[in-house]
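Worksheet: the structure to be examined is printed underneath.
Throughout, read-outs are computed from the coordinates displayed, never taken from laboratory work. Computed from a prediction, not measured in an experiment: that's the story for all the values here. Methodologically, a virtual Cβ is constructed for each residue, glycine included, from the backbone with ideal geometry; neighbour enumeration extends over all protein chains shown.
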Amino acid sequence: MSHPVQVIAVTGGKGGVGKSNISVNLSLALAEIRRRVILLDADLGLANIDVLLGIRAEKNIADVLSGSCDLRDILIRGPGGIWIVPAASGVQEMATLNPQQHGAMIQAFSALSNQLDVLVIDTAAGISDTMVSFVRAAQEIIVVVCDEPSSITDAYALIKLLNKEYGLVRFRVVANMVGSVKEGHRLFVKLSGVCERFLDVTMQYLGAIPFDGNVRKAVQKQKALLEYAPHCKASQAYRQLAGKIDEWPILSSPRGHLEFFVENLLGTMHSPVHGDDRPHLGG
């Protein structure tokens with residue numbers, strides 16, 4: 001039996017809410033507490049993580065699916081000891097995979113199970129079929145909102161779609177770029193109030209990330225905030241969120257397995273691949 005892996009999708013329903021920053025810095029904060037983390041850039045048409053961190057990817061997931069290399073060959077060591085799976089920037093056909101590519105993806109990811117504790121998925125903005133597929137396949141869904149009417153509206157539209165069409169019922173919420181703890185909780189109350197009134201869902205407040213000028217500076221320097229300003233208020237908030245996430249129970253079977261995530265993602269029922277040829281992610 002393979003090692004249980006926590007699979008977390010970070011989404012927001014729209015762009016501009018700081019979703020990728022949260023994905024990156026939560027990954028680093030989890031790595032700080034000795035979780036083995038892979039960050040998957042799931043914006044398959046327009047890669048973002050490599051740009052955010054100033055990382056140049058020579059190969060990406062398209063090369064794995066074509067059979068020209070293994071998943072471990074495209075893994076990039078990121079800041080704080082995390083590993084990054086780069087997306088295929090500008091490769092539109094990545095959004096539609098054939099059965100052979102489905103099988104290759106399952107085999108590639110299942111080989112990482114025993115070397116991994118947490119898979120963080122930075123999803124694309126908007127409500128595309130591909131984005132919804134990643135969110136549906138994850139065990140945990142973090143919805144990022146900020147203090148803009150369009151952010152609340154788009155987050156509600158996403159949650160409504162996932163609940164009404166696909167039966168998902170539990171959503172965690174992070175309020176980003178808020179002026180105060182009180183403002184963050186107010187945003188959550190506003191979103192959860194309308195969701196729980198009209199939908200059959202359970203909304204759980206994970207916490208808030210305060211507005212911090214260091215965030216923009218870190219982006220300009222192409223560095224993760226926890227690396228650029230490890231002691232700033234926002235970095236401290238990320239560590240608090242990571243501590244809460246670390247307390248979440250990890251489902252052991254079958255949804256606790258990485259290959260189940262990939263099978264669910266791709267809508268196929270290939271047999272999980274096991275074996276001793278697993279990449280070593282230590283060091």
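Could I have the simple spin-label model distance between Asn114 and His231, label points 7 Å from Cα toward Cβ, reported in nm to one decimal?
Those two pseudo-labels are separated by 4.2 nm.
If contacts are Cα pairs under 8 angstrom and at least 6 residues apart, what is the relative contact order of the range 112-263 in percent?
Relative contact order of the range 112-263: 20 percent.
In whole Å, what is the distance between the alpha-carbon centres of the range 123-187 and the range 3-36?
A separation of 14 Å, based on Cα centres.
Just to check I understand the Karplus step: with θ = phi - 60° and J = 6.51 cos²θ - 1.76 cosθ + 1.60, what whole-Hz values come out for the range 200-214, glycine and proline as x?
Listing the rounded values in order: 8, 9, 10, 9, 10, 8, 7, x, 10, 10, x, 5, 8, x, 5 Hz.
If I take every Cα pair under 8 Å that is 6 or more residues apart in the range 6-265, average their sequence separation and divide by the length, what percent do I get for the relative contact order?
Numbers: 483 pairs, mean separation 68.6, N = 260.
After rounding, I find 26 percent.
What's the extension gain from Lys190 to Arg77 if we count 0.36 nm per residue and subtract their Cα-Cα distance?
Numbers: separation 113, 0.36 × 113 = 40.68 nm, distance 3.88 nm.
Result for the pair: 36.8 nm of gain on full extension.
From the cross-link list Lys190/Lys244; Lys59/Lys164; Lys19/Lys221; Lys14/Lys233; Lys164/Lys190; Lys14/Lys221, which pairs have alpha carbons spaced over 27 Å apart? Display every interim value, and only then the final one.
On the way: Lys190/Lys244 22 Å; Lys59/Lys164 38 Å; Lys19/Lys221 18 Å; Lys14/Lys233 25 Å; Lys164/Lys190 20 Å; Lys14/Lys221 24 Å.
Result: Lys59/Lys164 exceed 27 Å.
Over the range 6-265, what is the percentage of antiparallel beta bridges among all DSSP beta bridges, to the nearest 5?
The answer is about 5 percent antiparallel.
I need the peptides 27-33, 244-250, 129-135 ranked by packing, meaning the mean over residues of other C-beta atoms within 10 angstrom, with the highest value on top.
On the way: 27-33: 22.9, 244-250: 13.4, 129-135: 19.3.
Highest mean packing first, the order is 27-33, 129-135, 244-250.
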